[in-house]
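A.B. asks: This structure is in structure tokens; I'll ask about it shortly.
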Amino acid sequence: MVDIHCHILPGVDDGADSLETALEMAEMAIADGITHVVATPHANGEYPFSSELVRQRRDEIQARVGDRLKLATGCDFHLNFENLQAVHLHPDKYTINQKDYLLVEFADFAIPPTIDDTLHHLHLARLNPIITHPERNGLIRAQPEKLRRWIHQGCYVQVTAQSLLGRFGQDTRRLVESWLDGGMIHFFASDAHNVKSRPPRLREAFDMVANRRGEEAATALFRDNPLAAFEGRPLPYVPEPEGEFEDAAFRRRKRFLFF
Ligand SMILES: [Fe+2]
């Protein structure tokens with residue numbers, strides 16, 4: 001499996017608190033059947049992001065684990081004004097493995113009205129935004145039609161594997177199951193922060209997805225799609241999302257009114 005969202009690097013955010021923890025996380029990932037990890041530290045008001053430091057820390061961990069695990073760098077990219085200016089100037093600093101996929105994290109307290117434009121501009125800059133763990137964002141949960149619209153705009157969705165295991169409550173687990181059935185998920189990732197409460201494990205969630213949707217879908221969501229993002233290729237598995245999104249409803253209303 002390929003994990004595109006993991007706070008494995010020590011001393012850069014609220015993820016691994018030491019080199020030892022980072023190495024333990026790497027061993028845990030390997031034992032779980034993970035072959036590739038993208039180290040994605042936060043870039044937000046609390047944790048400033050230095051791509052040089054991030055790459056240096058990656059090199060240190062990579063040297064210690066050898067070729068048993070392939071480590072790349074990316075960023076848990078908070079959608080704020082400063083970050084957006086910076087990513088347009090130097091996308092490589094933030095994208096997964098310096099290709100063209102970008103993890104984007106929404107604020108918990110507000111979805112700005114300009115968000116559609118923001119996502120559109122990322123597309124114009126030839127970046128593929130991957131919306132991280134929308135199932136854990138109260139505002140998106142309350143307005144799933146917005147998420148559908150962003151998917152129709154060409155965004156992808158990454159869900160936290162532990163959400164499916166009930167780590168964030170049973171409502172979140174049920175929501176992930178319904179999104180899974182409705183074709184609204186493109187990636188599962190660990191979003192690991194440590195070895196205890198937020199470990200770098202995917203296997204258990206893989207098995208649950210395989211039981212529910214079949215082995216092929218699980219392989220696509222845990223391996224083939226994330227590997228494609230890692231290597232900067234188009235995603236091999238893009239299901240058609242079920243349900244309405246705002247634009248479709250609007251178009252139907254317009255047709256009814258004018259024709
Ligand atoms: Fe994260």
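The values are calculated or read from the model by the stated rules, or taken from the named source; none is laboratory data. Here the structure is a predicted model, which means the values were calculated and not measured. Every residue, glycine as well, gets a Cβ built from its backbone with ideal geometry; the counts of neighbours run over all protein chains shown.
A.B. asks: Scanning the range 55-88 for residues that are of a type in the set (Asp, Glu) and assigned to a helix (DSSP H, G or I), which turns out nearest to the ligand (Cβ to nearest atom)? Step through it out loud before you land on a result.
C.D. replies: Initial filter on the range 55-88 (of a type in the set (Asp, Glu)): 59-60, 67, 76, 82.
Checking which are assigned to a helix (DSSP H, G or I) leaves us with 59-60, 67, 82.
Numbers: Asp59: 21, Glu60: 21, Asp67: 26, Glu82: 18 Å.
So the residue we want is Glu82.
A.B. asks: Here's a follow-up. Can you say whether Asp171 is on the phi > 0 side of the Ramachandran plot and not aliphatic (A, V, I, L, M), as far as the supplied structure shows? Steps first, answer last, please.
C.D. replies: Details: on the phi > 0 side of the Ramachandran plot: no; not aliphatic (A, V, I, L, M): yes.
No.
A.B. asks: Give me the helices (runs of 4 or more DSSP H) completely within the range 117-208, filtered to those with at least 2 residues that are of a type in the set (D, E, K, R), more than 15 Å from the ligand (Cβ to nearest atom) and surrounded by fewer than 23 Cβ atoms within 10 Å (Cβ to Cβ), ordered by residue number.
C.D. replies: 144-152, 170-181
A.B. asks: Continuing with the same structure: Across the range 31-57, which residue is surrounded by the most Cβ atoms within 10 Å (Cβ to Cβ) among those that are among the hydrophobic types (A, V, I, L, M, F, W, C) and within 20 Å of the chain's Cα centre (by Cα)?
C.D. replies: Val37
A.B. asks: Oh, and also: Take the residues in the range 11-21 that are farther than 10 Å from Asn194 by Cβ and under 20 Å from the mean Cα position of the chain (by Cα), then tell me which one is nearest to the ligand (Cβ to nearest atom).
C.D. replies: Step one: list which residues in the range 11-21 are farther than 10 Å from Asn194 by Cβ, which gives 11-13, 18-20.
Narrowing further to those that are under 20 Å from the mean Cα position of the chain (by Cα): 12-13.
Values: Val12: 12, Asp13: 8 Å.
The residue in question is Asp13.
A.B. asks: Specify the residue that is surrounded by the most Cβ atoms within 10 Å (Cβ to Cβ); the eligible residues are those in the range 209-226 that are touching a strand residue (DSSP E or B) at 6+ places or on another chain (Cβ under 8 Å) and not aliphatic (A, V, I, L, M).
C.D. replies: Selected residue: Pro226.
A.B. asks: Looking at the range 62-81, which of the residues that are under 12 Å from Ile8 (Cβ atoms) and polar (S, T, N, Q) is surrounded by the most Cβ atoms within 10 Å (Cβ to Cβ)?
C.D. replies: Thr73
A.B. asks: Name the residues in the range 235-252 that are at pLDDT below 85, among the aromatic types (Phe, Trp, Tyr) and part of a loop (DSSP other than H, G, I, E, B), would you?
C.D. replies: Across the range 235-252, the qualifying residue is only Phe245.
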